[in-house]
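Enquirer: Here it is, the structure in full.
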Amino acid sequence: MAEFRPMRRNRQQLSREECERILGCCTSGVLALTGDGGYPYAVPLSYVYADGAIIFHSAVQGHKVDAIKRDSRCSFCVIEQDEIKPAEFTTYFRSVIAFGRIHTLEDAAEKVQALRLLGRRYSPNDESGLQHEIDKSLDHVLLLRLDIDHLSGKEAIELTRARTQ
Ligand SMILES: Cc1cc2nc3c(=O)[nH]c(=O)nc-3n(C[C@H](O)[C@H](O)[C@H](O)COP(=O)(O)OP(=O)(O)OC[C@H]3O[C@@H](n4cnc5c(N)ncnc54)[C@H](O)[C@@H]3O)c2cc1C
């Protein structure tokens, strides 16, 4: 496994627990892959965080899927807060980056479970609608699971100061 580098400004580093809280409450992030021609391909996606992994759904083809087939290594960045402070020439930010590998779910029961998790995250009060969607899409959708090798979170120093004072 790769060596993951430490954060330089480690006072601003978030705990594992805080990183997981952010992954649990946000709804989208940007998945970075090695895309066509060696150009990085950073593509926004909705996700659900469950059992320590990040689950996505996708069409079965396209730039993203071709990139994953070539190299399953990726990083996924989620921004929880980006509060511009014009008078201070800064932003009060809080974000998480997960590095890991993407696996395609092949097992039908696993796929259904992943679709349930995604569906309940985004449409929490519509079980019959969700079942209908799952029945409709199961054969045409790809379910992807990002298994995390390294997780880091960082916040603006001003947020650290406010939290620790
Ligand atoms: C907030 C958000 C949530 C999303 N959630 C999902 C999701 O859960 N699942 C999902 O499959 N898709 C989602 N999308 C759409 C996603 O960003 C991609 O457009 C989609 O997955 C198709 O990717 P592809 O590589 O197969 O597209 P392709 O059509 O194969 O990509 C070809 C080219 O189109 C351009 N392109 C593709 N997508 C985008 C984009 N979003 N913005 C600008 N240029 C683009 C790029 O230049 C790319 O190289 C979401 C988008 C946003 C903004």
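Enquirer: Does Gly100 satisfy the criteria of being away from the ligand (no atom under 15 Å from the Cβ) and touching a Cys at 6+ places or on another chain (Cβ under 7 Å)? Let's see the steps before the verdict.
Expert: Working: away from the ligand (no atom under 15 Å from the Cβ): yes; touching a Cys at 6+ places or on another chain (Cβ under 7 Å): yes.
Yes, satisfied.
Enquirer: Taking helices (runs of 4 or more DSSP H) that do not extend beyond segment 77-165, which have at least 2 residues that are out of contact with any helix residue (DSSP H, G or I) (no Cβ under 6 Å at 6 or more places or on another chain), under 30 Å from Glu3 (Cβ atoms) and not β-branched (Val, Ile, Thr)?
Expert: Output list reads 157-164.
Enquirer: Same structure again: I'd like the full set of residues that are in a strand (DSSP E or B), surrounded by fewer than 18 Cβ atoms within 10 Å (Cβ to Cβ), touching a residue at least 24 places away in the same chain (Cβ under 8 Å) and within 12 Å of the ligand (Cβ to nearest atom), limited to segment 28-40.
Expert: The initial filter retains those residues of segment 28-40 that are in a strand (DSSP E or B), namely 28-34, 40.
So of that shortlist, the ones also surrounded by fewer than 18 Cβ atoms within 10 Å (Cβ to Cβ) come out as 28, 30, 34, 40.
The next check asks that each one be touching a residue at least 24 places away in the same chain (Cβ under 8 Å); those that pass are 28, 30, 34.
Hits for segment 28-40 are Ser28, Val30.
Enquirer: Test Ser123 against the criterion of being exposed (fewer than 15 other Cβ atoms within 10 Å of the Cβ) and not aromatic (Phe, Trp, Tyr), and give yes or no. Spell out how you get there, then give the answer.
Expert: On the way: exposed (fewer than 15 other Cβ atoms within 10 Å of the Cβ): yes; not aromatic (Phe, Trp, Tyr): yes.
So Ser123 passes the test.
Enquirer: Which residue, of Val43, Val65, Val48, Val60, is closer than 18 Å to Leu143 by Cα, surrounded by 14 or more Cβ atoms within 10 Å (Cβ to Cβ), in contact with a His (Cβ under 8 Å, 6 or more places away or on another chain) and aliphatic (A, V, I, L, M)?
Expert: Working: Val65 fails: in contact with a His (Cβ under 8 Å, 6 or more places away or on another chain); Val48 fails: in contact with a His (Cβ under 8 Å, 6 or more places away or on another chain); Val60 fails: surrounded by 14 or more Cβ atoms within 10 Å (Cβ to Cβ).
So the residue among Val43, Val65, Val48, Val60 that is closer than 18 Å to Leu143 by Cα, surrounded by 14 or more Cβ atoms within 10 Å (Cβ to Cβ), in contact with a His (Cβ under 8 Å, 6 or more places away or on another chain) and aliphatic (A, V, I, L, M) is Val43.
Enquirer: Return only the number of the condition from (1) surrounded by fewer than 17 Cβ atoms within 10 Å (Cβ to Cβ); (2) over 12 Å from Gly153 (Cα atoms) that Ser15 does not satisfy.
Expert: (2)
Enquirer: Restricting attention to segment 54-76, which residues are within 9 Å of the ligand (Cβ to nearest atom) and assigned to a strand (DSSP E or B)?
Expert: Scanning segment 54-76 gives Phe56, His57, Ser58, Ala59.
Any read-out appearing in this document is the output of simple, stated calculations on the displayed coordinates, not a laboratory observation. The shown structure was predicted, so the numbers you read here are calculated from the model rather than taken from an experiment. Note that each Cβ is placed from the backbone with ideal geometry, even for glycine, and that neighbours are counted across all protein chains shown.
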